[in-house]
Amino acid sequence: MSSSLILPEIKVPAHPVWPEKSAAEKQAQKQRIKDLLVQQNAVLVAHYYVDGDLQALAEETGGCVADSLEMARYGTTTDASTLIVCGVRFMGETAKILNPEKTVLMPDLAATCSLDEGCPAEQFTDFCDQYPDHTVVVYANTSAAVKARSDWMVTSGIALPIVKHLASEGKKILWAPDKHLGHYVQKITGADMTFWPGSCVVHEEFKSVALQRLRKLHPDAAVLVHPESPDEIIDQADVIGSTTALIKAVAEMPQEEFIVATDDGIFWKMHQVAPQKKLISAPTAGEGATCESCAHCPWMAMNALDNLETLLKTHGNEIEIDENIRADALKPIQRMLDFAAEHNISGKYKKEAP
Ligand code: 13P
Ligand code: SF4
């Protein structure tokens, strides 16, 4: 790739501190939010990494809790006129691109993602122009403008089969922005791939030697790894996959203990599907480390009951996208959704009937 590429420095915010609440206060607040959702014909579309109270509320009110693939798909299947996306900004943008007639709101529009921030559209366009004979495949964690310059969008849950399919057609692939996921996909598929050098500040922090030590302490535990993690972490995994794949592993594998290398917001759903199993966070830089070293995405943490209630009262924080960009960004997303439908690939864990 071009050596002249100088990427922006990512400013990682501190985790927001939300006021403590008693169970009764929380219950009352959840009820007020439920009433507002009904009055406004709104549904919650939440990611597995957000606060457990939000995931529970989304489920209790008929919304969706899922990975980025299913979050994208879900908005197109509901009759609600307002989608409230509890996650990070690219998820809200994808919902708006697919559902221009719906109002798409987010508790905090500043909730971004280091992959998205580290792949500015203008530089990305120059990069693509250097490889005119390549098929451009971008990860969901990108801006609408970057998607608009791409041929395909993928999420972690569908990247492998899509790249396999493109490789079988003899396509050379330009991949952006997550280099770790890209290297993993290349290793499995053998595809001809050129990489943008982005990474996730949360997954980047998992530490290889500390993980080896932890595995020795828990020899019976299965190691579950999201493929945004560095290669040395992926190499130690028993299961590598999207958030949905990791939840499925906890629910269906025989092990009683799991070492989990992804954002610990996922523990809420893992506990729900397998309450008796023990979950251990894979080690990061440890105590005293910076905020990005805590296995919890600071941008996902910007979603909470408090700003959700404020949002429903004020109707701010609407996602808006330029129509030309939206129309171009729709094509790679729709391609992915059509591929998912054709190959029966889902982004939500459903328990198999016994
Ligand atoms: P999933 O699509 O696997 O949920 O991943 C989204 C994400 O941002 C992980 O950091
Ligand atoms: Fe982005 Fe990483 Fe946060 Fe996922 S966990 S939203 S990839 S910064």
**OP:** Select from the stretch 123-150 the residues that are under 21 Å from the mean Cα position of the chain (by Cα) and either over 27 Å from Pro100 (Cβ atoms) or not aliphatic (A, V, I, L, M) (or both) and write down the one among them that is farthest from ligand 1 (Cβ to nearest atom).
**Re:** Arg149
Subject >> Residue list for the stretch 106-130, filter: under 21 Å from Asn303 (Cα atoms) and surrounded by 24 or more Cβ atoms within 10 Å (Cβ to Cβ) >> reply: Met106, Pro107, Ala111, Cys113, Ser114, Leu115
Original post:
Would you call Lys11 assigned to a helix (DSSP H, G or I) and either within 16 Å of ligand 1 (Cβ to nearest atom) or not assigned by TED's automatic domain parsing to the domain that holds Val260 (or both)?
Top reply: no
**OP:** Kindly check whether there is at least one residue in the stretch 212-221 that is of a type outside the set (D, E, K, R), outside any loop (DSSP other than H, G, I, E, B) and surrounded by 23 or more Cβ atoms within 10 Å (Cβ to Cβ).
**Re:** no
Original post:
Within the set of pairs 6+ apart or on separate chains, which have a first residue in the stretch 237-266 that is free of Cβ contacts under 8 Å to residues at least 60 places away in the same chain, a second that is of a type in the set (Phe, Trp, Tyr) and not in a loop (DSSP other than H, G, I, E, B), and C-beta atoms under 6 Å apart?
Top reply: Val250/Phe258
Original post:
Taking the stated definitions as given, is Gly182 more than 23 Å from Ile259 (Cβ to Cβ), free of Cβ contacts under 8 Å to residues at least 40 places away in the same chain and within 16 Å of ligand 1 (Cβ to nearest atom)?
Top reply: yes
**OP:** Would you please list the contacts, defined by Cβ atoms under 9 Å and residues six or more apart or on different chains, that run from a residue in the stretch 94-120 that is over 23 Å from Gln334 (Cα atoms) and near ligand 2 (Cβ under 9 Å from one of its atoms) to a residue that is part of a helix (DSSP H, G or I) and modelled with pLDDT under 95?
**Re:** Ser114/Glu204; Ser114/Glu292
Original post:
Only one of (1) within 30 Å of Gly198 (Cα to Cα); (2) touching a residue at least 24 places away in the same chain (Cβ under 8 Å); (3) out of contact with any strand residue (DSSP E or B) (no Cβ under 7 Å at 6 or more places or on another chain) is not met by Leu44, so which one is it?
Top reply: (3)
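The values are calculated or read from the model by the stated rules, or taken from the named source; none is laboratory data. Worth saying up front: this structure is predicted, and the values here are computed from it rather than measured. Positions of Cβ are backbone-derived with ideal geometry, glycine not excepted, and every protein chain shown enters the neighbour counts.
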